[in-house]
Amino acid sequence: MLDQQHLTVFGIIGLALAFDYINGFHDAANSIATVVSTRVLSPKAAVAWAAFFNFVAFLIFPLGVAKTIGKGVVDHTQITVAIVTAGLIGAIVWNLITWWYGIPSSSSHALVGGLVGAAVTKCGWQVLVKGGLVVDLFTKGIWNSKKITLIDISAFIFIAPVVGLLLGFTLMVITYWTFRRAAPAKVSGIFRKLQFISASAYSLGHGGNDAQKTMGIIFVVLIAAGWVPKDAEKPDLWVVLVCHAAMGLGTLAGGWRIVKTMGQKICKLQPVHGFCAETAGALALFGATIFKIPVSTTHTITGSIVGVGSTRGLHAVKWGVAGRVVWAWVLTIPITAGIAAALYYPMSWLIKF
């Protein structure tokens, strides 16, 4: 017979997997918007394609991002199950709101904001982990940095889309120059095939970075419940598998409201543009995951799409839509932190560990 603690922990793990599932369909647009909008794949084929590569990402990438979420944002020794519960609910509420209105916000930053809001409400600002990559860059050097913190995650709200934009712009310029004498029909045919590769790479990057965030949350729940030692370095294999499975299933469900915004409303895309945007986004995500940085896949691919579109002139980008998206990015952490802070005391009354 399971006692109350077991039932509560299993319930919170279920809630975390629900977040992962919502993350999958909320962020499905990141993986499939370009390949659907360029009509390389049908929507159903695209989500199946993306779901597969989201799932197999655990075979390729180490679990550094999971460790950052579990131990790098707030002091994991102070975390309780009530904190995690309030943070998860705050993130889920914001994800559903932005999904409903078709706004491509960041599930990653929603999760971080929720965790920070609940933890600070219980423990005060001292619970936040100090230092990090950005701080070390100006003190002891980036290569000597041992951890990623909230400061780094917040900085990459702006760094990730800029990196995506620059990579997208550069790849598009190189591609234009390389194929400047080729017939448009031939170029389109070539890049329709190449988009299978770029879409696969981007979905791998999405699965490798995003699924690890939920792994980090489950990891810290297990530590808080005393089921995993506090000095454990990474989650067990079963945590890895269920998180990737939940995200893959969520991606299969699709997030069509956001696909439309990402694939056509920011700028019109042809197969060559889709290839360059996806490749730029994949490169940015691979680098972030290697450096253990939880970045927003939404920010990264949006920046890549804007970079690719701007090679046709600034008029090719619908800056009003892009501006609305940026506001959602900036507001995500404070709003989810506020929701989680409001939820912490009710959750702490219900959950006593």
Long-range amide H partners of Val74, meaning residues 5 or more apart or on another chain whose placed amide H is closer than 5 Å, are Val129
Normalized C-alpha radius of gyration of the stretch 38-137, against 2.2 N^0.38 Å?
1.35
Which of Lys193/Lys213; Lys234/Lys352; Lys122/Lys234; Lys122/Lys147; Lys71/Lys230 exceed 20 Å between C-alpha atoms? The answer is Lys193/Lys213; Lys234/Lys352; Lys122/Lys234; Lys122/Lys147
Output ³J(HN,Hα) for the stretch 283-296: one whole-Hz value per residue in order, computed from phi by the Karplus curve 6.51 cos²θ - 1.76 cosθ + 1.60 with θ = phi - 60°, and x for Gly and Pro.
4, 5, 5, 4, x, 5, 5, 4, 8, 6, 9, x, 9, 8
Quickly rank 335-343, 42-50, 211-219 as a protection proxy: mean count of other C-beta atoms within 10 Å, highest first.
211-219, 335-343, 42-50
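None of the figures in this text is laboratory data; all of them are computed from the coordinates on show. Just so we're clear, the structure is a prediction, and the values are computed from it rather than from any experiment. No Cβ is skipped: glycine too gets one built from the backbone with ideal geometry, and neighbour counts run over all protein chains shown.
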